[in-house]
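Working notes for the structure below.
Derivation of every value follows stated rules applied to the coordinates shown; laboratory data play no part. Because the structure is a prediction, the values reported are computed rather than measured. Note that we place each Cβ from the backbone using ideal geometry, even for glycine, and neighbour counts take in every protein chain shown.
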Amino acid sequence: MLRSRCSLLAVAVLLLLCGPATASRTAAPAAAAAVAFTVSLPAPHTHLLEVEMRVRGGGAGQTDLVLPVWTPGDYKIRDFARNVQAFAAFDAAGRPLPWQKADKTTWRVRTGGARAWRATYRVYSNDRTASMVDTGRVGERYGFWNNTTALMHVRGRLKTPATLRIAAPPGWKIATGLPAVPGSPDTFRATDFDHLYDCPVLVGEFRTHAFAVRGVPHRIVVAGPGSYDARKLTDDVGKMVEAAARLMGDMPYTDYTFLLLLVPSVEGGRGLEHANSTAIVFEPGSLSDDGYAASLPLIAHEFFHLWNVKRIRPEGLGPFDYTRENYSRVLWVAEGFTDYYKDLILRRAGIISPEEYLAALTRQVQFLRYTPGIRRMSVEQASLDAWLVPDANDENWYNAFSDYYTKGSILGLLLDLEIRRRTAGSRSLDDVMRALYAEYGKRGRNYRPEDVQRVCERLAGVSLADFFRRYVRGTEDLDYGPLSAVGLKVGAAAGPDGRPALRTYLGIQARDAREGPIVDAVYDGAPAHQGGLNVGDRILAIDRALVDTETWRDHVTAKRPGEIVRVTVERDGELRTFDVTLAGRPPHPVVPVANPTPEQKRLFEGWLGAPFPAPGGASTP
């Protein structure tokens, strides 16, 4: 059963949410819309959205219609205008209005001062990658899109209200975070265009699982092929929601929607946050037994964003300029702290054990220790340069860029434990998040980099200038000393002979392609780099043994550090052979100390919500 307090009213609302045209909870009517959209899908197999935009009022002689070039939270210029076709404009009597393109994303219509007029156009939507969560995709089973990709706004009138009517094929359902317009079927309203652009739309064939937490309606909407345990998914997500609400102290929404898209053509997962919803793309098996555990952290990450980013907003991210990059130096907090809390929330909800939490933490520590770019770019700089990073990290990303997600997460951990140590557990990063929420989020103010440092110092009771100088604005190797506050350390695993255990290291990232393993990245200074391997090489054989995507790693790990392997690759249509001397690198697990003090045990329990792990045993989840 769900750990929620569900009133009869909430139950009634939840039943309504499961109807043929599901929408978020209806609110009181707003002011009449200045812009009314109708989006139709007459032939979904063509991947086209048909858009009609009715406008009341305009300029004396001309009006600019603007389509965004990016979606907030994506940090990519995608130029959605390239998907627009068959644009036309008409006055109230149906007479064509002249227009021209003013720039790549602006349609200038000569309205002649008409009080009411309309524009029509089509939008091609068929992103078949995980980035469809940022863009959209229309197909035979369902259509999904962000309104930034399809709905234009009148220049200078982002604060005007709007309505959106969806003309879906017969039998298709609708799910969106927008509230419904009473008495108008399949029609939704937005207080302004920031609201409209923040609510993606899913129409088609999908399954809906409704639940309530603290009397607030939630629903999980799943589209696409793939089996899963609906009861377990709903139960775990409900626990996650409760743990996050307990952490932040409130639930600043009237309803929340999880849009989960299972797409055969994608690998891995990708999500995008919104104020009262999230959209996440998964591989079809991601919610089943094999992929389930790896999918929950992504759901938790996107959900926690409803506080950290959507309401606790860093400088540069709001009010939005939809026509250009919106820069911020604090994505290491906006994304990194969110990444820290995704696992912490799952742990505090009892979904993962302390051992599973520490295993995830170990993977992050390992990544930071052996990724060259981490030591070449600060997380502040990486935050600013987020707009330069492609969807899939390019071949030199690992060598040149810092990862503000992973390093930001570890910086959140170290600040959390340092504050706990300095205050004997009376304060933590939880208090920092609540303070940022109270001082900035609830007051509609954006915080700056120095504000984060100031709030952390106020709650820790000491200066943290050295920490921020060395690790936030600088690139020094991290000091994991704060782990000792909760009886943990970064160890060096020993082998059977008592010496540090070394893992054989080649130093590449390889893509498991149909034609065989293909090198996607070569780490600077690694054995592969020194031996001559290159991005784009297709690995054919190791020591004369033919290999494929299933076996090439086994051939490497079977060797010992210092051994030479002969790697045969196909490069630019030629066979090439390279002798590579393998290296060894020690694993660095995050482990409990042997003899923790009572204070370390107490702080550990306050942090992870579980007893300190017994020697050689497991804690209760």
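Across the chain, Cα pairs under 8 Å and at least six residues apart give a relative contact order of 11 percent. Based on C-alpha pairs under 8 angstrom that are at least 6 apart in sequence, the range 285-403 has a relative contact order of 24 percent.
For the range 382-414, the residues whose amide N sits under 14 Å from a probe point set 7 Å from the Cα of VAL535 along the beta carbon direction are 389-401.
Over the range 307-372, the fraction of Cα-Cα pairs per 10 Å bin, rounded to whole percents and listed from the shortest bin up, is 18, 35, 29, 17, 2. Given the choices [x] 27.3, 89; [y] 34.3, 123; [z] 26.3, 88, Rg and Dmax of the Cα atoms in Å derived from the coordinates of this structure is entry [z]. The amide H of LYS76, built 1.01 Å from its N in the peptide plane, has THR71 as neighbours under 5 Å, considering only residues 5 or more places off or on other chains. Against the chain, whose longest principal axis is taken from its Cα atoms, helix 354-370 shows a tilt of about 80°. Between the beta carbons of ARG369 and ASP554, assuming R0 = 30 Å, the FRET efficiency works out to 0.80 to the nearest 0.05.
Ranking PHE468, VAL39, THR254 by how far each Cα lies toward the positive end of the dipole of the chain (charges on Cβ) leaves THR254 at the top. Restriction of the trypsin sites (Lys or Arg not before Pro) in the range 109-171 to DSSP coil positions whose beta-carbon has at most 14 other beta-carbons within 10 angstrom yields ARG115, ARG128, ARG141, LYS159. As a size descriptor, the averaged projected area of the C-alpha convex hull of the range 331-488 was calculated at 9.7 nm². Any idea what angle helix 449-460 forms with the longest principal axis of the chain, computed on alpha-carbon atoms, 0 to 90 degrees, nearest 10? Taking Cα atoms only, the helix is inclined about 60 degrees.
Magnitude of the charge dipole for the range 526-615, about its Cα centre and with charges confined to Cβ atoms of Lys, Arg (+1) and Asp, Glu (-1), is about 280 debye.
Relative to the longest principal axis of the Cα atoms of the chain, the long axis of helix 292-304 makes an angle of roughly 60 degrees. With N the number of residues in the range 503-585, Rg(Cα) / (2.2 N^0.38 Å) evaluates to 0.96. Between MET53, GLN364, SER131, the Cα set farthest toward the positive side of the dipole of the chain (charges on each charged residue's Cβ, about the Cα centre) is that of MET53. Estimated from the Cβ-Cβ distance and a Förster radius of 35 angstrom, the FRET efficiency linking ASP289 and ALA86 is about 0.15. What is the range 171-220 by shape, rounded, prolate or oblate, if you read a ≥ b ≥ c off the alpha carbon gyration tensor as root eigenvalues and call it rounded for a/c under 1.5, prolate for a/b larger than b/c, and oblate otherwise? Oblate, because a/c is 1.5 or more while a/b does not exceed b/c.
Taking all Cα pairs closer than 8 Å and separated by 6 or more residues, the relative contact order of the range 503-585 comes to 33 percent.
Counting charges near VAL379 (Lys, Arg +1; Asp, Glu -1) among other residues having Cβ under 14 Å from its Cβ returns a value of 0. Only Lys, Arg, Asp and Glu carry charge here, each on its Cβ (+1 for the first two, -1 for the last two); on that basis the range 22-206 has a dipole of about 440 debye about its Cα centre. Let a ≥ b ≥ c be the square roots of the eigenvalues of the Cα gyration tensor of the range 95-156; is it rounded (a/c under 1.5), or, if not, prolate (a/b larger than b/c) or oblate? In terms of gyration-tensor shape, prolate. Spacing of the modelled spin labels on GLU315 and ASP543, each 7 Å from Cα toward Cβ, amounts to 5.6 nm. Summing Lys, Arg as +1 and Asp, Glu as -1, what charge do residues with Cβ under 9 Å from the Cβ of HIS274 carry, HIS274 excluded? It works out to a net charge of -2. For the range 174-324, the Cα gyration tensor yields ellipsoid semi-axes of 24, 19, 17 Å (square root of five times each eigenvalue, largest first, whole Å). Secondary-structure-derived ellipticity at 222 nm for the chain, considering helices only, amounts to -7000 deg cm²/dmol, per-run term -39500 (n - 2.57) for DSSP H runs with n ≥ 4. Dipole check for the chain: with +1 at the C-beta of Lys and Arg, -1 at the C-beta of Asp and Glu, and the Cα centre as origin, the magnitude is about 1880 Debye.
The residue among ALA594, GLN509, ALA526 whose Cα reaches farthest toward the positive pole of the charge dipole of the range 472-621, with charges on the beta-carbon of Lys, Arg, Asp and Glu, is ALA594. Electrostatic bookkeeping for PRO596 treats Lys and Arg as +1 and Asp and Glu as -1; over the other residues with beta carbon under 15 Å from its beta carbon, the sum is +3.
Under 16 Å from a label point set 7 Å out along the Cα-to-Cβ vector of LYS159, the amide N atoms of the range 422-445 belong to 444-445.
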